[in-house]
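Q: One structure coming up, written as structure tokens, with questions to follow.
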Amino acid sequence: MSTGTVVLVGTALFVVGCSTGGTGLKDGGPARSEAVAKTAPTPSPGGSVEASPMAKIDPVALLKADPKVSAGIKQDLKPCAGKEYPVDVSYGKITGNNVDDVVVNVLSCDDAMGLGSYVYREDGGRYENVFADEQPPVYAEIDRGDLVISKPVYAKSDTLAYPSGEDVITYRWSGEKFALLSRVHTDYSNVVDGGALPAPAVTQKN
């Protein structure tokens, strides 16, 4: 979990995901394709991102200006093809704020595996990094006001499309930070044509 702050002003965010024909969360999360904002905020000398009220939010600038995003993620944050960045972005209210929070997932270009997931909360014209998970594979989503993190689990013999299992971790905003609400682990059976079918046993931890 991070507490770094970057400055952004805007109400809409557009990105282009790197679509590789993946199979959803089983291979690191779906890459969605949207139009990149043409007007990108300009980083200031202090490392924050400043924008005029009419400028659109650029998730790539947001991540690169955030001191809490690792150097490895920033180094890998390059276009997959042309100007298309492997970034998924979602809007929704998960921190009790009166404006939408921003969930950003960084994916790999080759296989759309989730490399890092982040949550930014708007506060007085600034977007503050209030959550970060940089342990791949990882993918963050908003589900009925909660933050849900999916982590496929692979054995040595597993292919990327067919993990042995999956951890689904749910967080809820406590007023100042995200608190663990539940953790569910599912083991998959790979006995049918290499397909991942849910096994009967599911371990849940609250």
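The values are calculated or read from the model by the stated rules, or taken from the named source; none is laboratory data. Please read all numbers here as calculations on a predicted model, not as lab measurements. Here Cβ is always computed from backbone atoms with ideal geometry, including for glycine, and neighbour counts include all displayed protein chains. Surface accessibility is based on the protein's heavy atoms, side chains included, excluding ligands, DNA and RNA. Shrake-Rupley method; radii C 1.70, N 1.55, O 1.52, S 1.80 Å.
Q: Exactly one condition in (1) in a strand (DSSP E or B); (2) open to solvent by 50 Å² or more (accessible area, probe 1.4 Å); (3) at pLDDT 95 or above is false for Y91; which is it?
A: (3)
Q: Moving on to the next point. Return the only residue of L197, L160 being surrounded by 16 or more Cβ atoms within 10 Å (Cβ to Cβ) and at pLDDT below 90.
A: Just a single option satisfies the conditions, and that option is L160.
Q: Here's a follow-up. Of the numbered conditions (1) open to solvent by less than 80 Å² (accessible area, probe 1.4 Å); (2) modelled with pLDDT under 95; (3) assigned to a loop (DSSP other than H, G, I, E, B), M54 satisfies every one except a single condition; which is it?
A: That leaves (1) as the condition not met.
Q: Would you be able to say whether some residue in the stretch 126-134 is modelled with pLDDT of 95 or more, surrounded by 15 or more Cβ atoms within 10 Å (Cβ to Cβ) and outside any strand (DSSP E or B)?
A: yes
Q: Which one of these does N97 not meet: (1) under 19 Å from S70 (Cβ atoms); (2) open to solvent by 20 Å² or more (accessible area, probe 1.4 Å); (3) among the polar types (S, T, N, Q); (4) touching a Lys or Arg at 6+ places or on another chain (Cβ under 7 Å)?
A: With respect to (1) under 19 Å from S70 (Cβ atoms); (2) open to solvent by 20 Å² or more (accessible area, probe 1.4 Å); (3) among the polar types (S, T, N, Q); (4) touching a Lys or Arg at 6+ places or on another chain (Cβ under 7 Å), N97 is out only on (1).
Q: For residues in the stretch 57-69 being surrounded by 16 or more Cβ atoms within 10 Å (Cβ to Cβ) and assigned to a loop (DSSP other than H, G, I, E, B), which is modelled with the lowest pLDDT? Before the answer, list the steps.
A: Step one: list which residues in the stretch 57-69 are surrounded by 16 or more Cβ atoms within 10 Å (Cβ to Cβ), which gives 57-66, 68-69.
Still in the running and assigned to a loop (DSSP other than H, G, I, E, B): 58, 66, 68-69.
Details: D58: 82, D66: 97, K68: 96, V69: 98.
This residue is D58.
Q: Being surrounded by 14 or more Cβ atoms within 10 Å (Cβ to Cβ) and assigned to a loop (DSSP other than H, G, I, E, B) is the filter here, so list the residues in the stretch 163-181 that pass it.
A: Passing the criteria: P163, S164.
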